[in-house]
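See structure below.
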Amino acid sequence: MQIHAVPVLNDNYVWLIEGEQRQCAVVDLGDAPPVLAAIDALGLSVQAILLTHHHADHTQGIAAFRARYPVPVYGPATEAQRWVTHPLADGDVINLPQIGAFAAWLTPGHTLGHLSYITDGAAFTGDTLFSAGCGRLFEGTAAMMLASLDRMATLPDTTQIYCGHEYTADNLRFALFAEPENPAIAERIRAVAEAAALGQPSVPVGLAEELQTNPFLRIRTPLLRQAIEVFAGKKISDVEAFGALRRWKDEFDGLSPL
Ligand SMILES: [Zn+2]
C-alpha cells in the first residue's frame with residue numbers, strides 16, 4: 001500500500017491509497033481537479049471514496065469526481081447522506097480488492113457521525129485527530145472527543161496518522177505554550193519547519209510521536225494537567241480537563257468559543 005497526499009483548498013489533504021495493480025481509494029474530496037490530476041499522473045484506477053464527515057471542505061469535490069468515476073461512496077450512516085451511497089456504522093469493515101480492509105470507527109466530537117478509517121499500519125482520522133491537535137467541537141461534546149482520541153491511542157504505536165488538514169505547525173505553537181518543558185515538542189517544531197521548507201507535508205506522523213507531543217492525547221500527564229487546571233482555576237476531571245484544554249486552545253487561536 002502506498003499513500004499519496006493531494007493538497008486541496010487552503011490546507012486540506014485528500015489521501016490517495018494505492019494498492020496493487022494501480023487500484024486506489026480516495027479519502028475525502030474537498031476539491032476534484034487536483035485529485036483527478038494526481039490520479040491521471042499516477043495512472044490509477046479508482047475503486048471507492050471513503051468519506052470521514054459532512055463538512056464542505058471534505059465533500060464538495062464529490063459530484064465532479066463521480067461524474068468521471070461513479071464509484072461507491074462509503075461514509076457515515078448519520079450524516080453526508082447526499083453523497084454517501086454505502087453508509088457505515090461503527091465497526092463495519094470495507095474490503096477493497098487489491099487495496100485492503102478498512103475498519104470504520106465512529107469517532108464523534110468534531111461532528112456527531114464522524115468516521116475514521118483504520119487499516120493495517122495506518123489511520124485516516126479526518127478532522128478528529130490532527131497532528132499535535134484535534135478537531136474543534138462543532139457538534140459533539142468534550143466527552144465524545146476524548147473518547148474518540150482515547151480510542152485512537154489504543155492503536156499500535158507504529159500506526160501512521162493521516163489527518164484531514166495541514167495544521168501541524170499552528171498546533172505545535174499551542175502545544176509548546178501549554179507544555180513548554182516538553183522537549184519532544186520543540187524537536188517536532190524543528191522537524192515540521194524543515195519539512196515545510198522542502199515543501200513537504202508534516203503528515204503522516206507516527207502515533208508514538210503524537211503521544212509525546214499532542215496535548216489532546218496527554219491530558220493525564222501531570223505537568224500538562226497542572227497547567228490545564230491553572231487555566232481552569234480548579235481541580236477537574238479528565239473530561240473537564242479535555243474541554244478546558246480545547247477552550248484554552250481556541251482562546252490561544254483567537255477563535256470564538258463553540
Ligand atoms: Zn470538518
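The values are calculated or read from the model by the stated rules, or taken from the named source; none is laboratory data. Quick caveat: nothing in here was measured; it's all calculated off a predicted structure. Positions of Cβ are generated from backbone atoms using ideal geometry, with glycine treated the same way; all protein chains shown enter the neighbour counts. SASA here: full protein model, heavy atoms, side chains in, ligands and nucleic acids out. Shrake-Rupley method; radii C 1.70, N 1.55, O 1.52, S 1.80 Å.
One residue alone among 78, 111, 107 is surrounded by fewer than 20 Cβ atoms within 10 Å (Cβ to Cβ) and among the β-branched types (Val, Ile, Thr), and that residue is 78. Checked against (1) crowded, with 19+ Cβ neighbours inside 10 Å; (2) polar (S, T, N, Q); (3) within 16 Å of the ligand (Cβ to nearest atom), residue 47 passes all but a single condition, namely (3).
Yes or no, residue by residue, for (1) more than 15 Å from the ligand (Cβ to nearest atom); (2) touching a Lys or Arg at 6+ places or on another chain (Cβ under 8 Å); (3) within 18 Å of residue 203 (Cβ to Cβ):
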| residue | (1), (2), (3) |
| --- | --- |
| 101 | yes, no, no |
| 104 | yes, no, no |
| 108 | no, no, no |
| 114 | no, no, yes |
| 145 | no, yes, no |
| 163 | no, no, yes |
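Restricting 170, 250, 157 to those that are more than 30 Å from residue 3 (Cα to Cα) and not aliphatic (A, V, I, L, M) reduces the list to 250.
Restrict the check to the range 155-174 and report whether at least one residue is more than 12 Å from the chain's Cα centre (by Cα), of a type in the set (Gly, Ala, Ser) and either open to solvent by less than 10 Å² (accessible area, probe 1.4 Å) or within 21 Å of residue 91 (Cβ to Cβ) (or both).
Step one: list which residues in the range 155-174 are more than 12 Å from the chain's Cα centre (by Cα), which gives 155-159, 169-174.
When the remaining residues are screened for being of a type in the set (Gly, Ala, Ser), the result is 169.
Next, from what is left, pick out any that are either open to solvent by less than 10 Å² (accessible area, probe 1.4 Å) or within 21 Å of residue 91 (Cβ to Cβ) (or both): none.
Scanning the range 155-174 turns up no residue that is more than 12 Å from the chain's Cα centre (by Cα), of a type in the set (Gly, Ala, Ser) and either open to solvent by less than 10 Å² (accessible area, probe 1.4 Å) or within 21 Å of residue 91 (Cβ to Cβ) (or both).
When residues of the range 13-35 are filtered for being closer than 25 Å to residue 88 by Cα and surrounded by fewer than 22 Cβ atoms within 10 Å (Cβ to Cβ), how many remain?
So the answer is 7.
Condition check ((1) in contact with a helix residue (DSSP H, G or I) (Cβ under 8 Å, 6 or more places away or on another chain); (2) more than 16 Å from the ligand (Cβ to nearest atom)) across all residues:
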{"residue": "138", "(1), (2)": "no, no"}
{"residue": "160", "(1), (2)": "yes, yes"}
{"residue": "166", "(1), (2)": "no, no"}
{"residue": "194", "(1), (2)": "no, yes"}
{"residue": "204", "(1), (2)": "no, yes"}
{"residue": "220", "(1), (2)": "yes, yes"}
{"residue": "228", "(1), (2)": "yes, yes"}
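Take the range 134-143 and flag every residue that is crowded, with 23+ Cβ neighbours inside 10 Å and either in contact with a Lys or Arg (Cβ under 8 Å, 6 or more places away or on another chain) or of a type in the set (D, E, K, R) (or both). 134 - this is the single residue of the range 134-143 that is crowded, with 23+ Cβ neighbours inside 10 Å and either in contact with a Lys or Arg (Cβ under 8 Å, 6 or more places away or on another chain) or of a type in the set (D, E, K, R) (or both).
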